[in-house]
Amino acid sequence: MLKIKILLISCLLLAAFYLPACDNKPEQKNTRKAVDYIRRIPGTDDSIPARVVQKGEVLIAYSDCYICHKEDQKSVGPAFKDIAERYPANKLYIEMLAQKVIRGGSGSWGYAVMDPHPKLSLKDAKTMVTYILSMKSK
Ligand code: HEC
């Protein structure tokens, strides 16, 4: 009998110790970090001539860009407006992005791949990129 009593009491004690611990589980903290998708690059913007913007708009309309890009929504590729928010609109970045359009690639915005555009001249690619970067909000 005594053994049973001791067993019972230890069970109760155990329960008393462990049950409350079960009740207040440590709250799961939301550890997901907000990922900065745009990753804005600081720099100065050159003034963009309206004529170049218009030409870029036409060139893009007649190319395959809109298969993968939308103006203000992510599609296969990033939204043109997001690209405009990331890069300063100056010679350096226009040149760099134009090269990227010609060569294609991935990794700047995720894993999706942009097809290369080897037939595009650097001049036309720059004009297209200038149009994209003219979509900055401000
Ligand atoms: C097959 C789909 C596809 C087509 C067609 C396409 N793009 Fe892209 N584009 C992408 C993807 C995907 C990315 C993101 C690449 C990355 O993450 O590095 C991208 C990125 C870009 C960027 C930003 C590059 C960077 O490194 O930030 C520019 C500018 C751009 N595209 C312009 C164009 C222009 C102009 C055209 C038309 C001549 C075009 N794209 C056609 C899929 C495409």
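The values are calculated or read from the model by the stated rules, or taken from the named source; none is laboratory data. Just so it is clear, the structure is predicted and the values come from calculations on it, not from any experiment. Cβ: placed from backbone, ideal geometry, glycine included. Neighbour counts: every protein chain shown. The area values use the complete protein model at the heavy-atom level, side chains included, leaving out ligands, DNA and RNA. Shrake-Rupley method; radii C 1.70, N 1.55, O 1.52, S 1.80 Å.
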Check your understanding: Based on what the data block shows, is LYS29 at pLDDT 95 or above, open to solvent by 40 Å² or more (accessible area, probe 1.4 Å) and more than 11 Å from ILE132 (Cα to Cα)?
Key -> no
Practice item. Scan segment 43-57 for residues that are open to solvent by less than 80 Å² (accessible area, probe 1.4 Å) and more than 12 Å from the ligand (Cβ to nearest atom) and jot them down. Key: GLY43, ASP45, ASP46, ILE48, PRO49, ALA50, VAL52, VAL53
Review point. Applying the selection to segment 58-67, what residues are closer than 15 Å to THR127 by Cα and open to solvent by 100 Å² or more (accessible area, probe 1.4 Å)?
Key: TYR62
Revision key, fill the gap. Flagged pairs (Cβ under 9 angstrom, 6 or more apart or on separate chains; first in segment 126-137, at pLDDT below 95; second open to solvent by 10 Å² or more (accessible area, probe 1.4 Å)) are LYS136/ASP45; LYS136/LYS81; LYS136/GLU85; SER137/LYS81; SER137/GLU85
Exercise for review: Return the pairs, sorted by first residue and then second, in which the second residue is β-branched (Val, Ile, Thr) and surrounded by 15 or more Cβ atoms within 10 Å (Cβ to Cβ), the first residue lies in segment 56-75 and is touching a residue at least 24 places away in the same chain (Cβ under 8 Å) and more than 17 Å from VAL113 (Cα to Cα), the beta carbons are less than 7 Å apart, and the residues are 6+ apart or on different chains.
Suggested key: GLY56/THR127; GLY56/THR130; LEU59/THR127
Practice item. Residues being outside any loop (DSSP other than H, G, I, E, B) and surrounded by 13 or more Cβ atoms within 10 Å (Cβ to Cβ): count how many of those fall in segment 106-138. Key: 11
Practice item. Sort out which residues of segment 85-105 are more than 7 Å from the ligand (Cβ to nearest atom), hydrophobic (A, V, I, L, M, F, W, C), part of a helix (DSSP H, G or I) and surrounded by 13 or more Cβ atoms within 10 Å (Cβ to Cβ), and write them in order of number. Key: ILE94, ALA98, ILE102
Review point. Name the residues in segment 68-83 that are part of a loop (DSSP other than H, G, I, E, B) and either touching an Asp or Glu at 6+ places or on another chain (Cβ under 9 Å) or open to solvent by 20 Å² or more (accessible area, probe 1.4 Å) (or both), would you?
Key: HIS69, LYS70, GLU71, ASP72, GLN73, LYS74, SER75, VAL76, ALA79
